[in-house]
1. Where the only charges are on Cβ atoms (+1 Lys, Arg; -1 Asp, Glu), what is the dipole of the chain about its Cα centre, to the nearest 20 debye?
2. Could you line up 172, 96 from fewest to most neighbouring Cβ atoms inside 10 Å?
3. Hey, of [x] 50, 43, 36; [y] 60, 41, 35; [z] 47, 39, 36, which did the structure itself give for Cα extents along the principal axes in Å when calculated?
4. Around residue 20, under 12 Å between beta carbons, what's the net of Lys plus Arg minus Asp minus Glu among the other residues?
5. If you rank 85, 158, 226 by fewest surrounding Cβ atoms within 10 Å, what's the result?
6. Can you tell which of 136, 12, 89 lies farthest toward the positive end of the dipole of the chain, using +1 and -1 charges on the Cβ of basic and acidic side chains (Lys, Arg; Asp, Glu)?
7. Compute log10 of I(q)/I(0) for the range 15-105 with the Debye formula, placing one identical point scatterer on every Cα and leaving out solvent, at q = 0.13, 0.19 Å⁻¹, to two decimals.
8. Which of 41, 120, 219 moves most in a GNM of the chain, Cα contacts under 10 Å?
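What follows is calculated from the coordinates using simple rules that are stated; it is not laboratory data. Computed from a predicted structure; not experimentally measured. Glycine gets a Cβ as well: all are built from the backbone with ideal geometry, and neighbour counts include every protein chain shown.
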Amino acid sequence: MPLMKRIVASAAFQSAAGSLAANYLRLVWKTSRLICDPPHMYEEVQMPAIIAFWHGQHFLAPFIKRNHDSHRTKVLISRHRDGEINARAAEKLGIDTIRGSGAHNGEFHRKGGAAGFTAMLDALEQGFNVALTADVPKVSRVCGMGVIKLAQHSGRPIYPIALASSRRIELDNWDKSAINLPFSRVAFCGCGPFLVPRDADAVTLEAKRQEVEAALNDMTARAYAIADGKVKVPDAVSGKAAA
């Protein structure tokens, strides 16, 4: 293995990178103004809940958790090297992690999909909220069936959410990542609940998948519109959601 790859794969590098990422995100959050839409979503969420968002739009998600027992949350993060850095950053921000990811092909078990799914079910049963990206790696903005199956087997509702900042760097990569910048207006949009019957057949599961995908796209478009000042939300609640 080349020297650079060995350095990046080392525990010391990943720990340092995770700390740096966590501290940077704290800076972004503390210097930004939060706008919630709808304004009373915290009072309406039925917890424990399944929180779904798109890849590349998740960096500020740890900060929407409030300091309350009902807000205990675990997040699904891949076993990939980049995922290790994300996991360390999330843990430094007070979020427990579950390792694994979905796949559209035969790599589901190799990536820890089955173990991750079981761990998410256990977490919901224990009263934790579970957060995860709804799109499977390398297939951006297409909702996978994993989040739908999780709702079906757990009986818990799905809440699609989106976070967008007025100041950002948009990357030209597969998941359209947005690097949030300090001193921003941050829009936090959510909707739901989306419930999936335990006895849902394949047709119903696909219909629910399409509903959640459409909701995620709607929330993403609205969050960016609010963050960019294209949509005014007169009744929005501004401030900070404690991490």
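1. Working: 31 positive and 23 negative charges, 184 e Å.
Value, rounded to 20: 880 debye.
2. Details: 172 6, 96 13.
Ordered from fewest to most neighbouring Cβ atoms within 10 Å, 172, 96 come out as 172, 96.
3. [x]
4. Details: positive: 26, 88, 92; negative: none.
Once all neighbours under 12 Å are counted, the net charge is +3.
5. Numbers: 85 21, 158 28, 226 24.
With the sparsest Cβ surroundings first, the list reads 85, 226, 158.
6. Of the options given, the answer is 12.
7. After summing over all Cα pairs, the log10 values are -0.49, -1.02.
8. With Cα springs under 10 Å in the chain, the top fluctuation among 41, 120, 219 is at 41.
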